[in-house]
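Remarks on the structure that follows.
The values are calculated or read from the model by the stated rules, or taken from the named source; none is laboratory data. This structure is a prediction, so every number in the text was calculated from the model and none was measured. No Cβ is skipped: glycine too gets one built from the backbone with ideal geometry, and neighbour counts run over all protein chains shown. These area figures cover heavy atoms from the full protein model, side chains too; ligands, DNA and RNA do not enter into them. Shrake-Rupley method; radii C 1.70, N 1.55, O 1.52, S 1.80 Å.
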Amino acid sequence: LDRYASSNGVKLLLEPINPQETSLLNTVGETYDFIRYHGYTSVGLLMDTYHMYKTEDDMLESIKRYSELLWYVHVADHNRDIPGTGEIDFKAILSTLNSIKYNGYLSLECVSKLRPYDTAKKNIEYLRTLLRHINP
């Protein structure tokens, strides 16, 4: 798939998933090493804050250490709900992403009891507020 993606200008993402859901590529480091070991050039990392909370000793350090292959970020709090409703420090996450000059997407991937529109609106408002403090 890497060769095919490369020849077609496509990028593929691998997302580490916590061990309660799979036994393959659970941590950011394992996934990074897998990509590098195989010499893939069109495969990068999708870091998901929900899974990182469960697997990483230091989420911020993982973002910094493996930033060269960070191509996409899913955001959800530790409880799989909207950022800001749980224990993850999203101000620190966004500050770290800013410090590594990440300019990719932040995609909400959560399970919320709110309607989809209200979930998206609350997420955007929360992250926008944090981003204003990081990049005034």
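Which of (1) aliphatic (A, V, I, L, M); (2) at pLDDT below 95; (3) buried (at least 19 other Cβ atoms within 10 Å of the Cβ) does L114 not meet, given it meets every other one?
In the conditions (1) aliphatic (A, V, I, L, M); (2) at pLDDT below 95; (3) buried (at least 19 other Cβ atoms within 10 Å of the Cβ), L114 misses (3) alone.
Would you confirm whether any residue within segment 23-38 is out of contact with any Pro (no Cβ under 8 Å at 6 or more places or on another chain) and either polar (S, T, N, Q) or closer than 29 Å to I124 by Cβ (or both)?
Within segment 23-38, one or more residues are out of contact with any Pro (no Cβ under 8 Å at 6 or more places or on another chain) and either polar (S, T, N, Q) or closer than 29 Å to I124 by Cβ (or both).
Tally time: how many residues in segment 59-88 are out of contact with any strand residue (DSSP E or B) (no Cβ under 7 Å at 6 or more places or on another chain), open to solvent by 10 Å² or more (accessible area, probe 1.4 Å) and assigned to a loop (DSSP other than H, G, I, E, B)?
The qualifying residues number 9.
What is the number of the single condition among (1) of a type in the set (D, E, K, R); (2) open to solvent by 70 Å² or more (accessible area, probe 1.4 Å); (3) over 17 Å from S107 (Cα atoms) that K11 does not meet?
Against the list (1) of a type in the set (D, E, K, R); (2) open to solvent by 70 Å² or more (accessible area, probe 1.4 Å); (3) over 17 Å from S107 (Cα atoms), K11 comes up short only on (3).
The rows are residues; the columns are (1) touching a His at 6+ places or on another chain (Cβ under 6 Å); (2) closer than 21 Å to L12 by Cα.
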site	(1), (2)
L69	no, yes
A76	no, no
I82	no, no
E87	yes, no
T96	no, no
L130	no, no
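Enumerate the pairs (first residue in segment 61-76 and in contact (Cβ under 8 Å) with a residue 40 or more places away in the chain and under 12 Å from L46 (Cβ atoms); second residue anywhere and aromatic (F, W, Y) and open to solvent by 40 Å² or more (accessible area, probe 1.4 Å)) with beta-carbon separation below 9 Å, excluding pairs fewer than 6 apart on the same chain, so at least 6 apart or on different chains.
W71/Y105; Y72/Y105
With respect to T31, is the statement that it is assigned to a loop (DSSP other than H, G, I, E, B) and under 25 Å from N103 (Cβ atoms) true?
Spelling it out, it is not the case that T31 is assigned to a loop (DSSP other than H, G, I, E, B) and under 25 Å from N103 (Cβ atoms).
Return the residues of segment 89-111 that are open to solvent by 90 Å² or more (accessible area, probe 1.4 Å) and touching a residue at least 12 places away in the same chain (Cβ under 8 Å); say none if nothing qualifies.
Within segment 89-111, K91, Y105, V111 meet the criteria.
Take the residues of segment 15-58 that are open to solvent by 70 Å² or more (accessible area, probe 1.4 Å) and of a type in the set (A, V, I, L, M, F, W, C): which is nearest to D2 (Cα to Cα)?
Checking each candidate, the answer is F34.
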